[in-house]
Amino acid sequence: MDRNAFLKNTALLAAGSLFFRQQALAAMFGRPAGTVRMLRNNVGIFTERGGTIGFCLDRGGVLAIDSQFPDTAAHFIEEIRKQSQAPFAYLLNTHHHGDHSGGNIAFKGLAGKVLAHQNAAANMRAVAEKAKTLEKQLLPDTTFDRKTRIRLGDEKLRGHYFGAAHTNGDAVYHFRKANIAHVGDLVFNRRHPFVDRAYGANMTHWIEVLNDIHKEFDNDTLFIFGHAAEGYEVTGSRADVLAFRDYLQRVLDFTRQEIAAGRTKEEFLKNTAIPGVTEWKGDGIVRPLTAAWDELTAGK
Ligand SMILES: [Zn+2]
Ligand SMILES: [Zn+2]
């Protein structure tokens, strides 16, 4: 081996061993390293554990949407710091759930403004008060009702609220220039959803919300979803939004039929499939079935 080839191989080995060392460290701490993926312009996503984090990098500031958990939020901040030293101008929450807002605390003293829909902010406070963990939560300092606008350098962001769906406080954030919409848990891509009836979820209205989202955006809009099933993307198109709408409709139709057929709730919850639904499989079917049953039998 000549000297140049030797040096090259040594460099490769060193790079390789660093990579393997990182993998080994990640495995030792029981986590895969978080992944950053740029989507369009200066907008990207971070995935590790919990709801997908969206972000926008601008020379003047960084904007983040959702925060996962305290440990993964710290990894996210670490990754962003490799690309930008700009201050975190905004932290936005799509809704109050812990896998989307539990990491807010990692932005304490870092985020200029923390924003969410007014119901999401109230829910965050209620959950933290109940669990006596208020000091571990960074609550929104700014809220909105129907619409809000944010400017970050060249990018213009709009926040929308379409009413009760996955909770009673689900916001959609749209990067207008990049034409990317973060819909949080309003879409579970090919995965059975959580339906938080205790915090105002409504499956019937969720379908209306998905119709409104379809109307508001266009075929070029790239969507960021909170969650996807194994083997599916946490990003997608309007067609994926409609596929999830049709899934919810089938869950409700099936539940209505079963109630009309005189089934008991216990019998109904033994179902392992929903007629006409082929892409939503695996664990968690009992969650939408329970929610649909409770919603359709409420007050009866
Ligand atoms: Zn979630
Ligand atoms: Zn959620």
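Paramagnetic label reach from Ser84 (point 7 Å along Cα→Cβ; backbone nitrogen cut-off under 14 Å): within the range 129-152, residues 151-152. Computed with a 1.4 Å probe over protein heavy atoms only, the accessible surface of the chain comes to 49 Å² per residue. For Trp280, the accessible surface of its heavy atoms amounts to roughly 20 Å² (probe 1.4 Å, protein chains only, rounded to the nearest 10). Shown is the FRET efficiency for Leu242 and Lys132, computed with R0 = 41 Å from the Cβ-Cβ distance and rounded to the nearest 0.05: 0.45. Over all pairs of different C-alpha atoms, the range 118-234 has a mean inverse distance whose reciprocal, the Kirkwood radius, equals 15.3 Å. Label 7 Å along Cα→Cβ of Lys113; the range 44-86 residues with amide nitrogen under 19 Å? It comes to 54-67, 86, nothing else.
How much FRET efficiency would the formula 1/(1 + (r/R0)^6) give for Ala273 and Arg149, where r is the Cβ-Cβ distance and R0 is 30 Å, rounded to 0.05? Using R0 = 30 Å, I get an efficiency of 0.10.
Placing +1 on the Cβ of every Lys and Arg and -1 on the Cβ of every Asp and Glu, with no other charges, gives the chain a dipole of roughly 560 debye about its Cα centre. Both radii are taken from the alpha-carbon atoms of the range 80-185; with Rh as the Kirkwood radius, Rg/Rh is 0.96.
Sorting Tyr90, Tyr232 on solvent-accessible area from highest to lowest, probe radius 1.4 Å, gives Tyr232, Tyr90. Calculate the length of the line joining the C-alpha centroid of the range 249-300 to that of the range 92-171, in whole Å. Centre-to-centre (Cα) distance: 31 Å. With a simple spin-label model that places each label point 7 Å from the Cα along the Cα-to-Cβ direction, the separation between Asp283 and Glu216 comes to 3.1 nm. With contacts taken as Cα pairs under 8 Å at a separation of at least 6 residues, the chain carries a relative contact order of 12 percent. Taking only the alpha carbons of the chain, we obtain Rg and Dmax values of 21.3, 84 Å in that order.
Building the convex hull from the alpha-carbon atoms of the range 236-300 and averaging its projection over directions returns 4.8 nm².
Rolling a 1.4 Å probe over the protein chains gives Val43 an accessible area of about 0 Å².
At the residue level, Glu266 shows approximately 130 square angstrom of accessible surface with a 1.4 angstrom probe and all protein chains present.
Between Ala74, Ala89, Ala260, the Gaussian network model of the chain with springs among Cα atoms under 10 angstrom shows the greatest mean-square fluctuation at Ala260.
Remark: spin-label model distance Arg37-Asp294 equals 3.3 nm, labels positioned 7 Å along the Cα→Cβ axis. With springs only between Cα atoms under 10 Å apart, run a GNM on the chain and tell me which of Ile65, Ile259, Ile80 wobbles the most. Sorting by GNM fluctuation, first place goes to Ile259.
Taken one residue at a time, the phi angles of the range 70-77 give Karplus couplings (6.51, -1.76, 1.60, θ = phi - 60°) of x, 5, 6, 4, 5, 5, 4, 4 Hz. Gly and Pro are set to x. Between Asp253 and Arg125, the simple label model (points 7 Å from Cα in the Cβ direction) yields a spacing of 4.2 nm.
Mean-square fluctuations from a GNM of the chain, with a 10 angstrom spring cutoff on Cα atoms, peak among Glu129, Glu78, Glu267 at Glu267.
The values are calculated or read from the model by the stated rules, or taken from the named source; none is laboratory data. For clarity, every value in this text was computed on a predicted model and none was experimentally measured. Neighbour counts are summed over all protein chains in view; Cβ atoms, including those assigned to glycine, are modelled from backbone coordinates with ideal geometry. Quick note on the areas: whole protein, heavy atoms, side chains included, nothing else; ligands and nucleic acids left out. Shrake-Rupley method; radii C 1.70, N 1.55, O 1.52, S 1.80 Å.
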